[in-house]
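Just below is one structure, and these are the notes that go with it.
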Amino acid sequence: MARVAGMVAGGVALALGAVLLLWRQEPAAVEPAAVEPAPFTWAAASHVWRDGCGHTYLADRAPGRVAPPPPAQDAAAWAGAHGAVHGGETLVRVSLQGRSAAAVVVQAVHVRVVGRAAPLPWRAYRMDEGCGGGVSPRHFAVDLDAPRPLARSVAGLDATGAEPRTIPAVSLPYTVGAADPEELLITARTEGCDCRWYLELEWSSQGRSGTARIGDRGGEPFRTSAAGARSAYTYDSVGRRWIAGAGS
């Protein structure tokens, strides 16, 4: 009888142990659903100079600690080394291209300001001493000082020929594809703030839709600070030094 009771007790203990083991097991991890990428790729360049030579940067440095103006293609590295911020205006070139032959319709271009502060009191440095005529491509103009900034399509101007030629404004919506890339130029200006902002592109393709947020390198917002009427420094290539000049 004692043997039977021991067997029963042992069976109960094994059953209870099995229940506790099952209860302590962690639930199986659920893999998150893969997020399908947007049907197009994009690249943004924020250190674009007007006509390839005209731009103003603000830097918290004395003229003796500022390197000479760089070639336009080295502007991002120059600005990064000096901690410089766009003064008064930022030109952003956005290149779009579809991933496949399927058409992607860009429905709208929006601007989202995520930060406003008082304009930076830093010195202004001009990268040019005046530019000649060139091509001003069609673009979107943005007033960052507006309560709700809008990207407004503006016609461009080709002044390289004998007579200036108007380049029609972008008409939305428009289509991009693998064989039909598009390039946008966004000109954002401010006279009253140190603004941080993103671009947002609404798109649709093959029954899908979404919004792509476009920012600066590393996903950071673009940054533009008002330059005001302060005296701007220009570079004297003969004397190899920065000299105080006219307002920026």
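The values are calculated or read from the model by the stated rules, or taken from the named source; none is laboratory data. Computed from a predicted structure; not experimentally measured. Every residue, glycine among them, receives a Cβ derived from its backbone with ideal geometry; neighbour counts consider all protein chains shown. Accessible surface areas use protein heavy atoms only, side chains included; no ligands, DNA or RNA. Shrake-Rupley method; radii C 1.70, N 1.55, O 1.52, S 1.80 Å.
Okay, here's what the table says:
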| item | result |
| --- | --- |
| Shape category assigned to segment 153-244 from the gyration tensor of Cα positions, a/c cut at 1.5 | oblate |
| Radius 15 Å from Cβ of Ala59, net charge of other residues (Lys, Arg +1; Asp, Glu -1) | +4 |
| Potential extension, Val35-Ala179 segment - 0.36 nm per residue separation minus Cα distance | 49.4 nm |
| Rounded percent of accessible protein surface that carbon and sulfur make up, segment 33-136, 1.4 Å probe | 53 |
| Alpha-carbon gyration tensor eigenvalues x 5, square-rooted, for segment 35-94, Å | 28, 13, 10 |
| Segment 92-244 - charge dipole about Cα centre, Lys and Arg +1 at Cβ, Asp and Glu -1, debye rounded to 20 | 440 |
| Per-residue HN-Hα couplings for segment 56-64 [Karplus 6.51, -1.76, 1.60; θ = phi - 60°; Hz; x = Gly/Pro] | 10, 10, 9, 9, 8, 9, 6, x, x |
| Net charge dipole size for segment 57-128 [Lys, Arg +1 and Asp, Glu -1 on Cβ; Debye, nearest 20] | 160 |
